[in-house]
Structures are given as C-alpha cells and as structure tokens.
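Everything on this sheet refers to the single structure shown next.
The values are calculated or read from the model by the stated rules, or taken from the named source; none is laboratory data. Since the model is a prediction, treat every value here as computed from it, not as a measurement. Here the Cβ is made from the backbone with ideal geometry for all residues, glycine too, and neighbour counts use every protein chain on show. Please note that ligands, DNA and RNA were not included when accessible areas were found on the heavy atoms of the full protein model with its side chains. Shrake-Rupley method; radii C 1.70, N 1.55, O 1.52, S 1.80 Å.
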Number of protein chains: 2
Amino acid sequence: MTGSVTLHDVARRAGVSLATASRALNGSANRVVGEELRERVLRAAAELRYSPNAHAQAMARGRTNIVGLSLHDIADPYFSAVAAGVMREAEAHGLLVTMASTERRPGAETDYVGAFRRHWASVVIVVGSRTDDRAATEQLAEELAAFEAEGGRAVAVSQPRLPVDTISIDNHAGARDLGHALHDLGHRRFAVLAGPTELLTATERVAGFREALTRHGGRLAPEHVVPGPFTRDGGYAAMRELLDRDPDVSCVFAVNDVMAVGAMAALRDRGIDPPTGMAIAGFDDIATLRDVNPGLTTVRIPLEEIGALAVRLALDDGVARPRVHRVAGEVVLRASTPRLSPPR
Amino acid sequence: MTGSVTLHDVARRAGVSLATASRALNGSANRVVGEELRERVLRAAAELRYSPNAHAQAMARGRTNIVGLSLHDIADPYFSAVAAGVMREAEAHGLLVTMASTERRPGAETDYVGAFRRHWASVVIVVGSRTDDRAATEQLAEELAAFEAEGGRAVAVSQPRLPVDTISIDNHAGARDLGHALHDLGHRRFAVLAGPTELLTATERVAGFREALTRHGGRLAPEHVVPGPFTRDGGYAAMRELLDRDPDVSCVFAVNDVMAVGAMAALRDRGIDPPTGMAIAGFDDIATLRDVNPGLTTVRIPLEEIGALAVRLALDDGVARPRVHRVAGEVVLRASTPRLSPPR
DNA sequence: CCTCCTTGGGAAAGCGCTTACCGGGACGGT
DNA sequence: ACCGTCCCGGTAAGCGCTTTCCCAAGGAGG
C-alpha cells in the first residue's frame, strides 16, 4: 500500500505535533486539546482524506476491535443465521468480523483460531458441534486457552467441553418435547434420520427423542435410526435407506430441517406424498424453509439470537468465567405432522 | 494482549539475532540461513509456541492477506452462497476474509470499504445490486478508487457502474429466456412480483421478462407489475396485492426465489394450490429452496462460482483494469410451471 | 601471500500510531 | 512578588516485525 496519508501528514498540514494530532482525532481521555487546534487538525484530516492505519493503531494500543468467527459452512442456513446474529451485534459494538468457514475439515478450527490470535482479535467465537475427535478437541481447547491467556475472550457454541464461555442448545429437551408432541398427535411407528454419529448435536437430539418414546412405552429399533451427513443429500439418502429397511414407518424425525427437506424429496421420488404417506419433522426452524409444503413441524431455535448472545457474553466484564448458557428450543407444529387419531 | 511470545524471545532462546530468527522463519528470499541455525530457531519457536503478530508483519511488510467482503445480508441465502464462494477461494489462497453485512443501510458499504482500507485489505469485494441512489454510489466509487490508488484490488458484483473490476449477472437475458420458456409451456396471463424498484437487479429482470412477452405479442400491464422488497414477506405481500388487483392472472414471475416462496405461501393462504391454481417461477435457484413443493421453476445463477471468481479476478496480475465479466443464467423448469396446453 | 568474492550473521532503521513524560505559560492564592 | 497548580503543547519511547546495510570469516584465484 503506497501513498496513504499518515497522521504525520495531517500534523504537518495543521502545523501541530503528532501527539496533538493524535489527541485531537481520538479525543483522548483525561487530556484536552484546545478548541482551535482540534478544529485545525480535524480540518486538515478531512482535507487530506486521512484514514488511520488500523495495524499501527493495533500495535500502539495493544488491542483491536476484531471478532474472529469460525463456523462449519457459511452456505448452510443454520450457520448463516448464527453469523447474522454475530454480525449484527458486532456492528452495534463497533467490531469488525473476520470469518472462517472450516468446511468441517478437522483441525481447521484450531488453525483459524490461531490466525485470529495472530491478529489479536479481541473476541473469538467458535460455532459448530463438538465432535468425538478427542485430539482435535484437545488442541482447540489449548488454542482457545492460549488466546484467553493473552487477554482475548472466546465463546463456543455447541461445544460444551471447551474451557471458555459456552452456549448450548438444549437439544435433548427439544427433541424430547417434539417426541411427546408427535405421540400426542397419535403417531406411533417412528424412525429417526440421525445425522452424523460423531456430532454431539445429532446424538443429543436422537437421545431426547428416544427418551420421549420410551416414556410412552415405545422404542426406537436400531434399524429405525439411520445416520448420515447433516445435509440435504444426507437426508435424501437416509430416507431412501430407511424406506428400504422398513416401509412401514409412519413418522420420521430428521434431526435437522435441511435433512428433513431432503427426506421429503426422497419420499416424493418414491411416490409417497408427505404428510399423507409419511409424517415428518425436523429441527432448527430454518427461516428459509418455513414455507416448504407441507409446512415442516420442527423445534425452533433462536439462531440469530444465539449469535448475538455470543458477542454479548464475550463483551461482559467483571464476571467469573467460564460460564455456561443454555438455550431452549420450542416445538412448532405444522402440517407435515398431522393429527392421526381424531382428538377425544 | 499481554504475555504473547515475540520474535525477540525466540531469537534469545535460540541464541541468534532477531534478523536471523526472522529469516529462518520466513525462509526469506535471496538469503540463506545456515541449516543448523534455522533448525535451532524453528525448535525455539515451536517450544515457545511462538505465533507472529499479524499487525507487526503488516506494518513491516506494508501489506496484508485480508479480503474485505461487503454484502447486504448474510442470512439471505443469495448472499451466503456468494460468500461461501469467496471464502472457499480465499482460503485456497491463504487469505483471511473480513465480512460486513450492511443490512441494506445506505452508505454502509462505503463505511465498510473505509474500514477495509484502514486494515490495508489487499482485496475488497462488494456484492449487492446497484441502487439508484446517485450520491451513495458516487461515494462508494470514490472510496473504491482511493482503495485501488493505495494498491488494493476491488471487485464489484452486480454494481456495474463502479470504477473497478465488475461481475454482472445477465439478468435481462435470464429473465427473457424464462419468459420464452413459460410462453412455450402455454402460459399467457402473466404478472411479475417485481422486487425493489430502485435495484438494478430487479428492474433488469422485469425488463427481460417483458421483452420476451412483447416478442410474443403479449404485454405486461402496470397493474400486473407489483413491487416490493426482495424478501419472503415481500413476496407474500406482493402476491396478495396482485390477487386483489386481478385474480385472473395464471402465471407469476417472482424476480427472486425467496419472494417466489413467499408468494406460494400467500397463494395457499388464499386457498389457491400452486401450480394448479397458479403457475409460479423464481430466479437464482437458491440451493436451500430446491426442494420446495412444487419444485420451483427458476433461472440458475452460479452464485458460489461468482464469489470464487471475484477473488480470482482480484488476484489476477498484469491485466488492464477495470474489466467487466458477465455471468449467464440458465432456465430450470420444474413442477411449479406445468405445461398448459398439451404439446403438439 | 595477498586480494576479491561469497556466505551468513548482526545492528539498526523504519512501518504509523499512542502515550507516558516533560516543560512553558497563565493564573490564583498568600 | 513569588510559588504552586493547571492547561495544553511537544518530544520521544516504544508496539513486533522485516529488510537494508555492514562486517567477519573463509575459500578461490593470481
């Protein structure tokens, strides 16, 4: 970068020293700059279209206003909703968001947190479910600890085992409530499109759902739990697999909405028309998918709010850390899971 | 940030000078560091878990590996698809993406480009349709020019009037092709949910569609062109408005997919069941919406590819700028626009 | 045996900014 | 009239790194 205007130029043009120029522009604390001089400096800065060098400021001040955000895949509406919340709140606090999309590559989170450390981010937010990859989690934990030791603030979403402030979605309760609701509607022959077995988010949802069924004396046979990626295609493939295993299922719980939509497509390709041939429910209540037809029963998670909350947690001062924050979901019944037995 | 390990510490531990330490770590060009020393330095760095300070490097080198990305709303799947492309390509080049979501606030783009300038971003990408706000566009143009004058590279997506490399979607041709295709299917009584009248992206799509109808001797009456925001709710409201104005329309073109989905919801709320009561088409081919029911006829735009392309354009060396890149769309017919008259 | 070149290490000058610290003038109290 | 006390400018010391310039040592060539 050449030719940028520096504070030195501004000071010279205003006929003052660097120190005065800096103080005039920052309105430095416990120090007053004479009205006339400040005026002169501001004018000079405006005339020269001066814009301060963020790196020099970072060096001199020893801190930045950068938020580092790491997530699995920005194209996934789940993560982009969280990101939107982070960015909205960050903007409100004058923070700039640097974002990394790990594409679920193992170790990428740690690498990116390292990059954020190099940039002296003041906040780092890691969102994405914990995996059962012990070593990777361990490394990430270390990196985050190092980051906080340097004075940064980290918040993890859906990774409860990390040594930092944590926001957890109450997947178990949400799925359990959903299970009860579906049972109340009269559904009985359940199956689950279970998502990736190594992700806590997925397994918790399966477990919660299972608990509800058990409570009602039902059970979830192993062949009725079909794993697969957290994607549309994952849902599609899992649904086909399920139909092959047992065509007699009548209500499917896909552990996220994106999979549920893929599953609906699979049903139609097999000539089954939801919800008539098969009831189906999802999880997350992705905004973009609220208008699929039939309307998808799901568990609403306040994703944007979670993103915003992450920023606020990071910015809290004078509190003991790490803290744990739980966010509850809320069952939303729609047309994809009609009432089976007429209500009494 | 306190306590971070500096190069100085590494040098001391390795028993060499700062210069040597730096050279050993960077493998500096046209300079060789003795094998033994390099080894010692690398070991010391590893032992101390040294991580270089990005700001200091930026200062000393006079450049960074930051990409600044400004878009309207990261929660909108259109923009998150482009962002995904940008991030994928950026990662491939070792660049870090700093992102700003302007929420369509006028002037925000300019502010953020200013922020990217302060951070000496090496690349700035601005995505979002040009508005007819003369003054805002002018200011953005100035800011981008200043950025490039300082040695940065800027690329604008869907803002053809800016003095930088530009990627334009061929909205006109896409919408025209769609119009022809719908006509070929036998549709005749058309209306358009036109999106925001101040956005070029919207007006071009309307114009292209109109051209196709005109070519076939049809026309688009003013009451059949309903403006509104580029959102789900915008589509919903516009559809209701349209039904109030003229319930006899039989095929609606919503100028983006998100609106089309909102429009479908509005139809159902009025007891109309698409595509039977009303054919409907969108634009963009948003991935998340590919499984709505009925499948939405649309014009596929390679959004991710556009994001990736933006990064590549910015990184091109030794080419004359600014360049203009056009990206074509492709009509995708699905169930939402059935054939009306039996084919002959 | 001397000179010239090559190889590789160190000292130090910045990059642009903030912020102690210092110092001179004005003011008021005694 | 003198001495603290503010007020408000300037001087300069970093922040952590890269890179130029300088220099010592060793080898090759005359």
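Structural remarks
- Residue within region A:132-155 that is under 19 Å from residue A:205 (Cβ atoms), surrounded by fewer than 16 Cβ atoms within 10 Å (Cβ to Cβ) and in contact (Cβ under 8 Å) with a residue 12 or more places away in the chain present: yes
- Restricting region B:27-52 to residues that are within 14 Å of chain A (Cβ to nearest Cβ) and within 13 Å of DNA strand D (Cβ to nearest atom), the residue that is most open to solvent (accessible area, probe 1.4 Å): B:49
- Just so you know, in region B:53-94 the residues that are of a type in the set (Lys, Arg) and touching a residue at least 60 places away in the same chain (Cβ under 8 Å) include one that is least open to solvent (accessible area, probe 1.4 Å), and it is B:88.
- Hits in region A:112-146 - residues which are among the hydroxyl-bearing types (Ser, Thr, Tyr) and within 13 Å of chain B (Cβ to nearest Cβ): A:112, A:122
- Among all residues of region A:177-197, there is at least one that is more than 14 Å from chain B (Cβ to nearest Cβ), β-branched (Val, Ile, Thr) and open to solvent by 20 Å² or more (accessible area, probe 1.4 Å).
- Near pairs, Cβ below 9 angstrom, 6+ apart or cross-chain, from region A:200-218 (under 19 Å from residue A:161 (Cα atoms)) to any residue that is acidic (Asp, Glu) and open to solvent by less than 50 Å² (accessible area, probe 1.4 Å): A:204/A:170
- Residue check for residue A:268: facing chain B (nearest Cβ under 10 Å) and surrounded by fewer than 24 Cβ atoms within 10 Å (Cβ to Cβ): yes
- Breaking point among (1) within 10 Å of another protein chain (Cβ to nearest Cβ); (2) open to solvent by less than 40 Å² (accessible area, probe 1.4 Å); (3) of a type outside the set (Phe, Trp, Tyr), for residue A:14: (1)
- Filter result (part of a loop (DSSP other than H, G, I, E, B) and facing chain B (nearest Cβ under 8 Å)) within region A:77-111: A:103
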